[in-house]
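The structure appears right after this line, and notes come after that.
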């Protein structure tokens with residue numbers, strides 16, 4: 001079955017937007033409730049992936065490839081963010097022997 005635009009029928013735009021909203025909310029919950037730096041970093045990445053799902057969904061259903069190109073660029077930036085974030089986590093672990101957010105006081109004088 002195909003739509004009028006010749007695209008294969010599948011989940012509609014609302015289903016993808018709902019999925020992205022649920023993933024984004026799970027990511028926000030993870031950032032606010034977790035105390036482990038790695039878990040917080042994973043939650044931020046989940047939120048970034050929810051945004052990418054929105055970009056690709058809107059791009060697909062509106063027939064414009066710009067959203068998909070922007071999502072690909074966003075994935076490349078996310079990879080760099082993960083690398084820098086994990087490097088910071090390793091440095092914090094070496095300095096404090098732990099990665100619990102509540103125990104971090106590196107900026108206190």
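Some observations on this one:
- Relative contact order of the chain, defined on C-alpha pairs under 8 angstrom at six or more residues apart (%): 24 percent
- The long axis of helix 66-96 is offset from the longest Cα principal axis of the chain by roughly 10 degrees.
- Separation in nanometres of the label points that stand 7 Å from Cα toward Cβ, at residue 26 and residue 38: 1.9 nm
- For the options 39, 69, 95, a Gaussian network treatment of the chain with springs between C-alpha atoms closer than 10 Å singles out 95 as fluctuating the most.
- Highest-first packing order for the peptide set 41-48, 20-27 is 41-48, 20-27, based on the mean count of other beta carbon atoms within 10 Å.
- Degrees, to the nearest 10: 37-62 long Cα axis against longest axis of the chain: 10 degrees
- Length gained on full extension, residue 73 to residue 17, computed as 0.36 nm times the residue gap minus the Cα-Cα distance: 18.1 nm.
- Structure-derived log10 I(q)/I(0) by the Debye sum over Cα atoms at q = 0.10, 0.13, 0.14 Å⁻¹ - corresponding label in [x] -0.63, -0.80, -0.83; [y] -0.37, -0.59, -0.67; [z] -0.42, -0.62, -0.68: [z]
Rule-based calculations on the coordinates, nothing more; no lab input. Since this is a predicted model, take the numbers as computed values, not measurements. As a convention, Cβ positions derive from the backbone with ideal geometry for all residues, glycine included, and neighbour counts pool all protein chains shown.
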